[in-house]
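Below is one structure, written out as structure tokens, with a few remarks after it.
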Amino acid sequence: FARAAHESLDLAETSYIVANEGRRLIGCDRVSVAIARGRKCHIEAVSGQDTMENRSNIITALGNLATKVVATGEPLWYEGSTEDLPPQIEDAIEHYADESYAKAITVLPLRRPAAVDAGHQASTGQVDRDTDNLGEVIGALIVEQIDAPQSRDSLQPKVDLVKQHSARALSNSLTHNNLFLMPVWRTLGKAQLLVKAK
């Protein structure tokens, strides 16, 4: 999974790899990747689907749910009960659960990994794991279980592993795609390949 997730710097391709390979690794029914653009989250990939209709009710509801959870910065573990949830998240999760028929939904905000302090790492011999909660939120990983939900204890280690690699791979893809004039450089690169081929 780690090798596949870091294979490409294209955002769409990386998102689809994270969704499809992540679903296989976690052993759940569906994994989706949402990317934050401004204050809203847009669904970039859904496992098992090559194309999506962005205006469909289910994709709109999923994007709305991801937006609400990312705004809090805290993970959401939903297993059928909405007690102790803020009203805006409660409405969003109920609406999406009605559309998708999912019995358990986990939404984990993905944060841009903080740079590792090489001096601190060399002196202590270990990497500080608390840096996961310091970076800016770049999106969300959504894990759904429809038929027979696994317990949170068995699911969490696999979800955390996928989340760690996904955050780094998607952060690298976003950085690459946001480079100045990247579309122009890509076009020039493709033109050079055509000239060489001829």
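The values are calculated or read from the model by the stated rules, or taken from the named source; none is laboratory data. What you see is a predicted model; the values in this text were computed from it and never measured. Here the Cβ is made from the backbone with ideal geometry for all residues, glycine too, and neighbour counts use every protein chain on show. Keep in mind that these areas ignore ligands, DNA and RNA; they rest on the heavy atoms of the full protein, side chains included. Shrake-Rupley method; radii C 1.70, N 1.55, O 1.52, S 1.80 Å.
For the structure I just gave you, tell me whether Glu94 is open to solvent by 70 Å² or more (accessible area, probe 1.4 Å), assigned to a loop (DSSP other than H, G, I, E, B) and more than 23 Å from Lys158 (Cα to Cα). Outline the logic, then answer.
Details: open to solvent by 70 Å² or more (accessible area, probe 1.4 Å): yes; assigned to a loop (DSSP other than H, G, I, E, B): no; more than 23 Å from Lys158 (Cα to Cα): yes.
No.
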>> Of everything in the range 47-71, what is touching a strand residue (DSSP E or B) at 6+ places or on another chain (Cβ under 7 Å) and within 18 Å of Ile138 (Cβ to Cβ)? Give them in sequence order.
In response: Leu62, Gly63, Leu65, Ala66, Thr67, Val69, Val70
>> Being farther than 24 Å from Arg37 by Cβ and modelled with pLDDT of 90 or more is true for just one of Gln145, Gln150. Which residue is that?
In response: Gln145
> Any chance the range 17-30 includes a residue that's free of Cβ contacts under 8 Å to residues at least 24 places away in the same chain and under 14 Å from Lys158 (Cβ atoms)?
Replying inline: yes
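Need a quick list: helices (runs of 4 or more DSSP H) entirely within the range 1-80 having at least 3 residues that are open to solvent by 80 Å² or more (accessible area, probe 1.4 Å) and charged (D, E, K, R). Quick ask: steps written out before the conclusion?
Values: elements: 2-5, 11-26, 57-72.
Ranges flagged: 11-26.
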